[in-house]
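What follows is calculated from the coordinates using simple rules that are stated; it is not laboratory data. Note that the structure is a prediction, hence the values are computed from the model and not measured. Note: ideal-geometry Cβ built from the backbone for every residue, glycine included; neighbour counts use all protein chains shown.
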Amino acid sequence: RFFVSFPSAKQYFSQFKHMEDPLEMERSLQLRKHARRVMGAINTVVENLNDSEKVSSVLALVGKAHALKHKVEPIYFKKLTGVMLEVIAEEYANDFTPEAHSAWTKMKTLIYTHVTAAYKEVGWAQYPTATL
């Protein structure tokens, strides 16, 4: 759904940046592998919410890699976490209480805040501060 909602994000993925069919993207082994890494990082953050140093460390690694190696605009983290929140709300509609929504909204903010801090730390200057 992320790439359907934000097709410009595909520019960062050489393996499937030219794919237009959402089903083809869904079947992409490279995309599935990347999605598992993303969810693994989020799982690590959730499992360590009581360890702020671990959370900061994990998200700093993600931010620095995406800033320096992949050159991904940081606004895509806000877009991705927004799509994730939408999907979770739809897939778990019966269990997605206002409290769950609030918790995931806080997680979305936590991820974006830490990742963009890592971007700033490495001197990323390719985006206006207004996008933060």
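Distance from the alpha carbon centroid of the range 1-53 to that of the range 56-100 works out to 9 angstrom.
Determine, for each peptide in 72-78, 14-20, the mean count of other beta carbons within 10 angstrom over its residues, then list the peptides with the highest first. List each step's numbers first, then the result.
Working: 72-78: 19.1, 14-20: 12.4.
Result, highest mean first: 72-78, 14-20.
Taking the empirical scaling 2.2 N^0.38 Å for compact globular proteins as reference, the chain has a Cα radius of gyration ratio of 1.08.
Applying a threshold of 25 Å to the alpha-carbon distances of 17/79; 54/78; 17/106; 10/64 flags 17/106 as lying beyond it. In the chain, helices alone account for a calculated mean residue ellipticity at 222 nm of -20000 deg cm²/dmol, with every DSSP H run of four or more residues adding -39,500 (n - 2.57).
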